[in-house]
Amino acid sequence: MRSSSRGDVDAFIVMDVMEQARRLEQSGRSIIHMEVGQPGTPAPKAARVALADAMERDALGYTVALGLPELRAGIAALYKDWYGVDVDPARVVVTAGSSAAFVLAFTALFDAGDAVGVTEPGYPSYRQILKSLSLTPRAIPTHAADRHVPQMPHETLAGLIVASPANPTGTMLSKEDLRGLIEQCAATDTAFISDEIYHGVQYEGRAVSALEVSDDVYVINSFSKYFSMTGWRLGWMIVPKDHIRRIERLAQNMFICAPHAAQIAALGALSARDETEAMLEVYAENRRLMLEGLPKAGFDKIAPPDGAFYIYADVSELTQDSLAFAAEILEQAGVAVTPGLDFDPVRGHTTLRFSYARATEDIIEGLRRLTDFMAARG
């Protein structure tokens, strides 16, 4: 069988860590999950009730490619509520998770061989999806000293993707940061993509949407994080008006439509803000515990976690092999964490990401285990 470079992508290490943790649990071990950015709560009750009702009266067949009109209108209303921005629902595209949104955006905006800027550390799937589409990810290293704000390289790029709050660091870009990047991209005809999947999960002020600066951007978001619906696989993006038909044609051919059942649940979730804000209170308490407990355990060099639910720690004084160190922590402490190599293939040998998305009692127990492990390790 002929091989293809499009299949030559790196493993998603956090998924490998999850699998090893599952094996240990299957053998009877107790594992605290700090490896994956997955809320420990189910979808909001209103989402589950909406779907249960719909299943009794609707076949839940295909929807139009861009998503249920009422859901697109509800998402547009969210932008007015959160940011004071008027968004035409016609610009809203409902997708099969944010992953499908990235595929659609990259396919619509770039040609094979184009170079697209990605921050490092950053979400690993940006690089891998770009490579699978015969595009070239260009690393833009960021640094904790300047709050991981990316600086545009001298090279002209076809596109730039940024995330705020960021995965894995949790840092956020200010409106001035976004404006500067968007203006630089506009001056060089560089497409700007804003990953806003962690919006709503913030602690130090509110996250700023790129749509507050410009309409000539792609904005990608999801019901996974703030709405606690990871497995429902439902995302969305906002595109410029003159790109709607381009995206629609691609979506029709590549995905047909996002899951109808998940779209119905998402409509319910949009009305469940009391419940989602209660989840945010849990994350805030977990963050407080992590910021207090991790330094006591010996992980004291961390990026400022303004949002999301991660702590990104520099462990260069403890190891030069984060993959082996994470495996040691999992095996000996029973705590699953993610090696930084997932997020930064160059500097990730000396970093770890800790997620605090789970229940508070799990965070307390995980910190206890990490403290004991580090004390015994010397």
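Can you name every residue in the stretch 346-378 that is under 21 Å from Ala308 (Cα atoms) and either part of a loop (DSSP other than H, G, I, E, B) or open to solvent by 80 Å² or more (accessible area, probe 1.4 Å) (or both)?
Those that are under 21 Å from Ala308 (Cα atoms) and either part of a loop (DSSP other than H, G, I, E, B) or open to solvent by 80 Å² or more (accessible area, probe 1.4 Å) (or both): Tyr356, Ala357, Arg358, Ala359, Glu361, Ile364.
If I filter the stretch 43-71 down to residues being over 19 Å from Thr230 (Cα atoms) and not in a loop (DSSP other than H, G, I, E, B), which single residue comes out as least open to solvent (accessible area, probe 1.4 Å)?
Among them, the one singled out is Ala54.
Any residue at all in the stretch 25-42 that's farther than 24 Å from Met290 by Cα, modelled with pLDDT under 95 and part of a helix (DSSP H, G or I)?
Within the stretch 25-42 (the criterion being farther than 24 Å from Met290 by Cα, modelled with pLDDT under 95 and part of a helix (DSSP H, G or I)), the answer is yes, since at least one residue qualifies.
Taking interchain pairs and intrachain pairs at least six residues apart, which have beta carbon atoms under 9 angstrom, with the first residue in the stretch 47-71 and acidic (Asp, Glu) and the second modelled with pLDDT under 95?
Correct list of pairs: empty, since none qualify.
Taking Ala326, is it assigned to a loop (DSSP other than H, G, I, E, B), buried (at least 19 other Cβ atoms within 10 Å of the Cβ), touching a strand residue (DSSP E or B) at 6+ places or on another chain (Cβ under 9 Å) and among the hydrophobic types (A, V, I, L, M, F, W, C)?
no
Tell me which helices (runs of 4 or more DSSP H) are completely within the stretch 230-312 and hold 2 or more residues being open to solvent by 30 Å² or more (accessible area, probe 1.4 Å), over 21 Å from Arg72 (Cα atoms) and in contact (Cβ under 8 Å) with a residue 12 or more places away in the chain, or say none if there are none.
So the answer is 273-297.
The values are calculated or read from the model by the stated rules, or taken from the named source; none is laboratory data. Quick caveat, the model's predicted, so the values are computed rather than measured. Methodologically, a virtual Cβ is constructed for each residue, glycine included, from the backbone with ideal geometry; neighbour enumeration extends over all protein chains shown. Side chains included, ligands, DNA and RNA excluded: accessible areas come from the protein's heavy atoms. Shrake-Rupley method; radii C 1.70, N 1.55, O 1.52, S 1.80 Å.
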